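Input: a single structure, listed below in structure tokens.
The values are calculated or read from the model by the stated rules, or taken from the named source; none is laboratory data. Keep in mind it's a predicted model, so treat the numbers as computed, not measured. All Cβ positions, even for glycine, are placed from backbone atoms using ideal geometry, and neighbour counts span all protein chains on display. Keep in mind that these areas ignore ligands, DNA and RNA; they rest on the heavy atoms of the full protein, side chains included. Shrake-Rupley method; radii C 1.70, N 1.55, O 1.52, S 1.80 Å.
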Amino acid sequence: MTDLKAHISGVVYDLIASEATKLGIQAYVIGGYVRDIFLERKNTDIDVVCIGDGIELAKNVAKQLNPKPKVSVYKTFGTAHFKWKDQDIEFVGARKESYQRHSRKPDVEIGTLEDDQNRRDFTINAMGIALNENNTGTLLDPFNGLQDLDAKIIRTPLDPDITFSDDPLRMIRAIRFATQLNFRIEETTYKGLIRNIERIHIVSQERITDELQKIIASPRPSYGFKLLYNTGLLQIIFPELCALQGVEIINNFKHKDNFYHTLQVLDNLAAVSDNIWLRWSAILHDIGKDSTKRLTESGWTFHSHEVVGSKMVKPIFKRMRLPLDHKMKYVRKLVYLHLRPISLAQDRVTDSGIRRLLYEAGEELDDLLILCRADITSKNEAKVKKYLSNFQHVEDRCKEVDEKDRLRNWQPPISGECIMDAFAIGPSKEVGLLKKAIREAILDGEIQNNYDEAYSFMLNEAQKLGLSQKSRL
Ligand code: ATP
Ligand code: MG
């Protein structure tokens, strides 16, 4: 039996109890913090509900603490918050909510503890622990949340049609908690969720994306994506990914299901990296396959899907309200390059191929290799083994060439200024052509990566363009 008193002991809890008594009101810790005590997960967000004025209670408690924390008051929400040591403590008066059909923002009235528990999303999130002097440490669990925690079940406290229709974000939260905790969504709740998926349209994209990010950050994100897909929510919030689902067989030519393949890649990657943007590149690496799919005489092809896919990254990020800064560019670059190491492994591994890869991938090389390794999926174990060993060869060669040539963040030894100076010309097409020719010659191994060789190569190329060297005085 968990000793709840031990989890609510300390100066803050004692003060909440004594100040609540002085005000003649009851106070409870409620929600995620209580759930996480039983799950033995660390949680520093504490929600305190009181049957009365939460703001007044917060202020009175803060006054007694030393040093006195700064209380932030949100009058419109009737909440107050302060930080104490490493804890974020939020106070709110118990509330009863009623919803209008077009909005997930409820009308709020003062309510009882029971009203407040009724408006919670899941039974496991509706438990409270009393903080009052006469009943400290008592668990208030009207919906048997503890039982559901033990059985690993996500279930709405009320009829799911009410819980989900009132605030449809809870549908994605159900899937998020199931994925994070590896829980099952209870059948009545699941059926109710499916009945309400269209309601997701009233939820803002920011909120949906917030939950989606938590699904992606989970240990096995594919579970969440499959739930989203099977309920029909993914079709609404991420149609491009759903378009990858399906296997087509024509004239005995068959291709793999790119949706399930993508989820496998995502799980493979999640097993080795917590980098959420690298996980996004796994989600999007084959996103261009739907529109590039063709049947040729030798079978299905997805020619240039990495180019088409990389162009889809920005519009998808924009719609999802994900950042459009260097994080988006990083994902776009990885999608664009994701075939390179694999195709190198299949062809002869030439020095120039490796150099090009190092030059183009730059700082992202290590992440690109992690992505590519995760991309090796097949039901045929012998095949996977063979691919992985070819791939290891490419990785080793990358390391070798990288140490030798230092091509990451590389700049060719002759700059644009140097070219303009040499021929006494201004910025022009010729400067660009020469710069490119020098870079390509070095990457192809025609000349060595140093100033002297590059300079004489430049003079040669310039002659072909009809440029003559500035006469030196
Ligand atoms: P985490 O902090 O890991 O996201 P959490 O359960 O603490 O998990 P919060 O979003 O911080 O989730 O919410 C705290 C509590 O508030 C929840 O445990 C739940 O009781 C309640 N809650 C939050 N969002 C909703 C919602 N949309 N509908 C109903 N109750 C909610
Ligand atoms: Mg929380």
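Some observations on this one:
- Subset of region 353-378 that is over 27 Å from the mean Cα position of the chain (by Cα) and charged (D, E, K, R) - its residue that is most open to solvent (accessible area, probe 1.4 Å): ARG356
- Residue check, ALA80 without any contact (Cβ under 8 Å) to a residue 40 or more places away in the chain, buried (at least 21 other Cβ atoms within 10 Å of the Cβ) and assigned by TED's automatic domain parsing to the domain that holds LEU139: yes
- Each residue in region 39-56 was checked for being open to solvent by less than 30 Å² (accessible area, probe 1.4 Å) and farther than 18 Å from GLU109 by Cα, and 1 of them qualify.
- Comparison of ARG95, ARG41 shows that the only residue that is of a type outside the set (Val, Ile, Thr) and within 16 Å of ligand 2 (Cβ to nearest atom) is ARG41.
- Looking only at region 169-198, and only at residues there that are within 16 Å of ligand 1 (Cβ to nearest atom) and open to solvent by 30 Å² or more (accessible area, probe 1.4 Å), the one that is farthest from the chain's Cα centre (by Cα): ASN182
- Residues of region 24-38 that turn out to be small (Gly, Ala, Ser), surrounded by fewer than 20 Cβ atoms within 10 Å (Cβ to Cβ) and within 16 Å of ligand 2 (Cβ to nearest atom), as a count: 1
- Index of the failed condition, THR350 passing every other in (1) open to solvent by less than 20 Å² (accessible area, probe 1.4 Å); (2) free of Cβ contacts under 8 Å to residues at least 12 places away in the same chain: (1)
- Criterion violated by ILE124 - all others in (1) of a type in the set (Val, Ile, Thr); (2) open to solvent by 60 Å² or more (accessible area, probe 1.4 Å); (3) under 21 Å from ILE8 (Cα atoms) satisfied: (2)
- Single unsatisfied condition, GLU114 versus (1) outside any strand (DSSP E or B); (2) away from ligand 1 (no atom under 11 Å from the Cβ); (3) open to solvent by less than 40 Å² (accessible area, probe 1.4 Å): (3)
- Candidates VAL313, VAL307, filtered to the one that is free of Cβ contacts under 8 Å to residues at least 40 places away in the same chain, open to solvent by less than 30 Å² (accessible area, probe 1.4 Å) and assigned to a helix (DSSP H, G or I): VAL313
- Residue that is farthest from ASP121 (Cα to Cα) [pool: residues in region 199-231 that are loosely packed, with under 15 Cβ neighbours inside 10 Å and over 18 Å from the mean Cα position of the chain (by Cα)]: ASN230
- For GLY93, the stated conditions hold: it is within 16 Å of ligand 1 (Cβ to nearest atom) and in contact with a strand residue (DSSP E or B) (Cβ under 7 Å, 6 or more places away or on another chain).
- Spans of strands (runs of 3 or more DSSP E) in region 15-82 with at least 1 residues within 12 Å of ligand 1 (Cβ to nearest atom): 27-30, 45-50
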